Ligand code: FES
């Protein structure tokens, strides 16, 4: 149950497994400046402040430099969180453009957290929300 937390507003968005950051945010009713949506233009870069992610397809070194691969730069249209992550937008704010989708996403997040809590209760293990 990966989530994306937006710094500094604290919004928490639920992503489906293997969903990219960009797609998850759009599906939750948010918008921000993007271009090609396929890893070629570099417009969708955000900063990953916490958590791990991988790219679902190879990303060219002309889009993400070696230095950016280690400094937390996240190409959001290709980045798939491996855990809960915290990101910060670059030079703009995330805009909520569809509050209904936001509500649906929040309910999905709470439902997934309840299922995870129930599973951990049954197995005696602990999980992060
Ligand atoms: S939108 Fe073009 S690289 Fe992500």
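The values are calculated or read from the model by the stated rules, or taken from the named source; none is laboratory data. These numbers were taken from a predicted model, which means no experiment stands behind them. For neighbour counting, all protein chains shown are included, and Cβ atoms are generated from backbone atoms with ideal geometry for every residue, glycine included.
Take the range 14-37 and flag every residue that is in contact (Cβ under 8 Å) with a residue 40 or more places away in the chain, within 11 Å of the ligand (Cβ to nearest atom) and over 10 Å from the mean Cα position of the chain (by Cα).
Within the range 14-37, 32, 33, 34, 36, 37 meet the criteria.
Let me spell it out: the conditions are (1) outside any loop (DSSP other than H, G, I, E, B); (2) within 15 Å of the ligand (Cβ to nearest atom); (3) out of contact with any helix residue (DSSP H, G or I) (no Cβ under 9 Å at 6 or more places or on another chain), and residue 43 meets all of them except one. Which number is the exception?
(1)
Scan the range 32-62 for residues that are closer than 18 Å to residue 5 by Cβ and exposed (fewer than 14 other Cβ atoms within 10 Å of the Cβ) and jot them down.
Step one: list which residues in the range 32-62 are closer than 18 Å to residue 5 by Cβ, which gives 32, 44-53.
Within the range 32-62, 50, 52 meet the criteria.
Given the conditions (1) in a loop (DSSP other than H, G, I, E, B); (2) within 12 Å of the ligand (Cβ to nearest atom); (3) out of contact with any helix residue (DSSP H, G or I) (no Cβ under 6 Å at 6 or more places or on another chain), and given that residue 77 satisfies all but one, which numbered condition is not satisfied?
With (1) in a loop (DSSP other than H, G, I, E, B); (2) within 12 Å of the ligand (Cβ to nearest atom); (3) out of contact with any helix residue (DSSP H, G or I) (no Cβ under 6 Å at 6 or more places or on another chain) applied to residue 77, the lone miss is (3).
Filter the range 80-97 down to the residues that are over 13 Å from residue 6 (Cβ atoms) and either exposed (fewer than 10 other Cβ atoms within 10 Å of the Cβ) or within 14 Å of the ligand (Cβ to nearest atom) (or both) and list them by number.
Correct list: 80, 91.
Between a first residue in the range 62-79 that is at pLDDT 95 or above and a second residue that is near the ligand (Cβ under 7 Å from one of its atoms) and in a strand (DSSP E or B), which pairs have beta carbons less than 8 Å apart while being 6 or more apart in sequence or on different chains?
Filtered contacts from the range 62-79: 63/75; 64/75.
Which pairs do you get when a residue that is surrounded by fewer than 15 Cβ atoms within 10 Å (Cβ to Cβ), found in the range 98-124, comes within reach of a residue that is modelled with pLDDT under 95 and in a loop (DSSP other than H, G, I, E, B), reach meaning Cβ atoms under 7 angstrom, with the pair 6+ apart or on two chains?
The qualifying pairs are 120/126; 120/127.
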